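These notes are about the structure you will find just below.
The values are calculated or read from the model by the stated rules, or taken from the named source; none is laboratory data. All values derive from a computational prediction rather than experimental measurement. Positions of Cβ are backbone-derived with ideal geometry, glycine not excepted, and every protein chain shown enters the neighbour counts. The area values use the complete protein model at the heavy-atom level, side chains included, leaving out ligands, DNA and RNA. Shrake-Rupley method; radii C 1.70, N 1.55, O 1.52, S 1.80 Å.
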Amino acid sequence: MKNLITLDEFILRRQKDFPFATGELSGLLRDIGLASKIISREVNKAGLADITGVAGNENASGEEQQKLDVMADNLLISCLKNSGECCGIASEENDTYVTISESKNAKYVVIFDPLDGSSNIDVNVSIGTIFAIYRRQSAAGECQLEDFLQSGTNQVASGYVLYGSSTMLVYTTGKGVNGFTLDPSIGEFCLSHPDIKLPEKADIYSVNHSQYRDFEPGVQKFIDECIDNGFKFRYIGSMVADVHRTLLKGGIFMYPGTTKSTNGKLRLLYECNPLSLLMEQAGGKSTNGSQRILELEATELHQRTAIFIGSSCLVEKVDAYIKDSSKVAGL
Ligand code: P6P
């Protein structure tokens, strides 16, 4: 087993990077890793067991809840409860935050999308879990809404698990991005993508083209230029998969606002902030078309934002076109 490094081993080794770390953050990351192994097992047999299809309920965003969504949400909550390191959680699947009374004095809160891209579950397309970890802002005792409505720059860690042809966990604690691939034969996430950095090449663009007519002129101009320059077009419709490809291959993923929904579709706290921290740590950029995603003010748990994330040169270019077109429009 040539220098096989498991997630647990890696986290312990990296704990030395944080002289004041008391191991609580490491414990949280390991618990998220445990939950994702179980979710991976359930996702990989979804077609077999009668757990696919809708659960008959709706989530906070009014979207049909898939049975696996609910399972993943419950699993993450119970693993985080067991950790004893988390005083509260917020999730796409819950209207408001959940206090963990058993560890109400713990110093971290976790925000997650338990199974992003869930509409792809029944057609066997890659889906993912996205998480963000923050230090609480409120004094000890039950956590408060302010603990969750923090700027993305306050994240102490963020990451995702991609349930694809293999299951990968990719995370950062602010000192680079590392990727781990699950080896089901030993039930361990093993370091497979150390110190991920965006490649120089940036010739892939990713957007829901069916909304082209509703995009603002600057975005349309950028897309036209990608086509004119012979860019590859890739769109999976599962944010974790599209962002994972962007991290490894370069390019840009966009979910712009439209005339119908100016803030687009994707949620700031549990989709855009965690993935933006990873992208910046890997040398890329992430904006809402004018502002850095990580600096956007969080005013509600399920707020949405437009997002342009990927290779810096492309994000900067589409931002510039948006700025120019809004000047022309006299905005
Ligand atoms: P559309 C999946 O439902 C999701 O929330 C993201 O994972 C994905 O990027 C986006 O929505 C896809 O949205 O409108 O292209 O189907």
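Some notes on this structure:
- Candidates in the range 114-126 are the residues that are within 11 Å of Met239 (Cα to Cα) and more than 8 Å from the ligand (Cβ to nearest atom); of these, the one that is most open to solvent (accessible area, probe 1.4 Å) is Ser126.
- Gln303 vs. criteria within 22 Å of the chain's Cα centre (by Cα) and surrounded by fewer than 21 Cβ atoms within 10 Å (Cβ to Cβ): yes
- Filter result (within 16 Å of the ligand (Cβ to nearest atom), open to solvent by 10 Å² or more (accessible area, probe 1.4 Å) and of a type in the set (S, T, N, Q)) within the range 203-250: Asn208, Ser210, Gln211
- Figure legend. Inter-residue proximity from the range 307-331: first residues more than 25 Å from Arg267 (Cβ to Cβ), second residues open to solvent by less than 40 Å² (accessible area, probe 1.4 Å) and modelled with pLDDT under 95, beta-carbon distance below 8 Å, spacing 6+ or different chains. Indicated pairs: Cys313/Ala202.
- Restricting Ser290, Ser261, Ser276, Ser286 to those that are assigned to a helix (DSSP H, G or I) and small (Gly, Ala, Ser) reduces the list to Ser276.
- Scope the range 90-113; condition open to solvent by 10 Å² or more (accessible area, probe 1.4 Å) and β-branched (Val, Ile, Thr); matching residues: Thr96, Val98, Thr99
- Selection of first residues in the range 255-278 that are away from the ligand (no atom under 13 Å from the Cβ) and open to solvent by 10 Å² or more (accessible area, probe 1.4 Å) and of second residues that are among the hydroxyl-bearing types (Ser, Thr, Tyr) and modelled with pLDDT of 95 or more, restricted to Cβ pairs under 8 Å at least 6 apart or on distinct chains, gives the following pairs, ordered by first then second residue: Asn263/Thr305; Leu277/Ser158; Leu277/Thr172.
- Listed by first and then second residue, the pairs linking a residue in the range 186-201 that is hydrophobic (A, V, I, L, M, F, W, C) to a residue that is loosely packed, with under 13 Cβ neighbours inside 10 Å, with Cβ atoms under 6 Å apart and 6 or more places separating them unless they lie on different chains, are Cys190/Leu4.
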